[in-house]
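These notes are about the structure you will find just below.
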Amino acid sequence: MSALQAIAFDQYALERLAVTLDGAIRIRSRSEFYLWAQGALQSFLPHETLVCLWGEVPEAQGVELFSRGILAPHAEAHLRTEAGRLRAVLLSHWLRHGRRPCAGPDLEGLPVLAKLIAETGSGNVLFHGADFASRLPVCFFIFMGMPSAVTPREHYLTDLLLPHLYLAFVGLHDRGEVDMPGTHLSPRQSQVLAGIRSGKTNSAIAQELGLSPLTVKNHVQQALRKLAVANRAEAAAVTSMQPCPGTARQVER
């Protein structure tokens, strides 16, 4: 029996898989990546938070979070502080396990990851590495908060979907769409914050900017992370005396 038969792909699942793969190819912006990761990808690899790590040395580590919720500030701060060490540990562990997806018992002996899991309450976790493009070092994708124990099905699907996930993320990197530590607010995030300061809801901001409420939610989460604040009220207070570049010009959705 082949691996494909073992995970029982029916015709409907195959059609959804085709849509998921096609969606990855069409990603052109960070918001599109977020919508894909929290939409089509969830059909096969359900999770609460996707952590993307890349970089060659600790000083150049990149960390991107794509989450349904907002991580506790101390948990995110720990992740960013330990990004270099976490990536080094994952790389060593991944190579020892034959460049396979790692989850469950495979994660034993990784205290830096165990601490992150405990701080975020993520429960079931799976990670995999990718190095399909020579212009970037190995990237790691950590699926946190999976709803149930990871099975061979998730291992197989991660292997299957990883090249598409990786190339979509590399595309964001090439277009300057992913955030490196210390970057400023994007024009769109500034526009969203202007709406927050005006007391508008995500739905109202979405209607005003011609975006979906889910995209606005993603921009809010990223702005809170960049500003190192815990909620919308704090973000409004921090930015109330600062100019918001980009609010008067059209930016890419």
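The values are calculated or read from the model by the stated rules, or taken from the named source; none is laboratory data. Just so you know, these numbers come straight off a predicted model, no measurement behind them. Don't worry about glycine lacking a Cβ; one is built from the backbone with ideal geometry, like all the others, and counts go over all protein chains shown. Calculation scope for accessible area: heavy atoms of the full protein, side chains included, ligands and nucleic acids excluded. Shrake-Rupley method; radii C 1.70, N 1.55, O 1.52, S 1.80 Å.
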Considering only residues that are within 17 Å of R68 (Cβ to Cβ), open to solvent by 60 Å² or more (accessible area, probe 1.4 Å) and outside any helix (DSSP H, G or I), which ones fall in region 206-240?
N231
Name the residue that is modelled with the lowest pLDDT, counting only residues in region 132-191 that are closer than 22 Å to T81 by Cα, among the aliphatic types (A, V, I, L, M) and in contact with a strand residue (DSSP E or B) (Cβ under 7 Å, 6 or more places away or on another chain).
M180
Go through the residues of region 197-205 one by one and say whether even a single one is modelled with pLDDT of 90 or more, open to solvent by less than 60 Å² (accessible area, probe 1.4 Å) and over 21 Å from the mean Cα position of the chain (by Cα).
yes
Selection within region 118-134 - out of contact with any Pro (no Cβ under 9 Å at 6 or more places or on another chain), under 21 Å from W54 (Cα atoms) and surrounded by fewer than 19 Cβ atoms within 10 Å (Cβ to Cβ)
A133, S134
Taking the residues in region 10-59 that are more than 16 Å from the chain's Cα centre (by Cα) and within 28 Å of A88 (Cβ to Cβ) as candidates, determine which candidate is most open to solvent (accessible area, probe 1.4 Å).
E59
Single residue of region 187-196 satisfying the filter (open to solvent by less than 20 Å² (accessible area, probe 1.4 Å) and small (G, A, S)) that is nearest to H74 (Cα to Cα):
S190
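So that you can scan it fast, the table gives a plain yes or no per residue for (1) touching a helix residue (DSSP H, G or I) at 6+ places or on another chain (Cβ under 7 Å); (2) over 22 Å from A206 (Cα atoms); (3) at pLDDT 90 or above; (4) hydroxyl-bearing (S, T, Y):
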site	(1), (2), (3), (4)
Q5	no, yes, no, no
A8	no, yes, no, no
Q42	no, yes, yes, no
L50	yes, yes, yes, no
S67	yes, no, no, yes
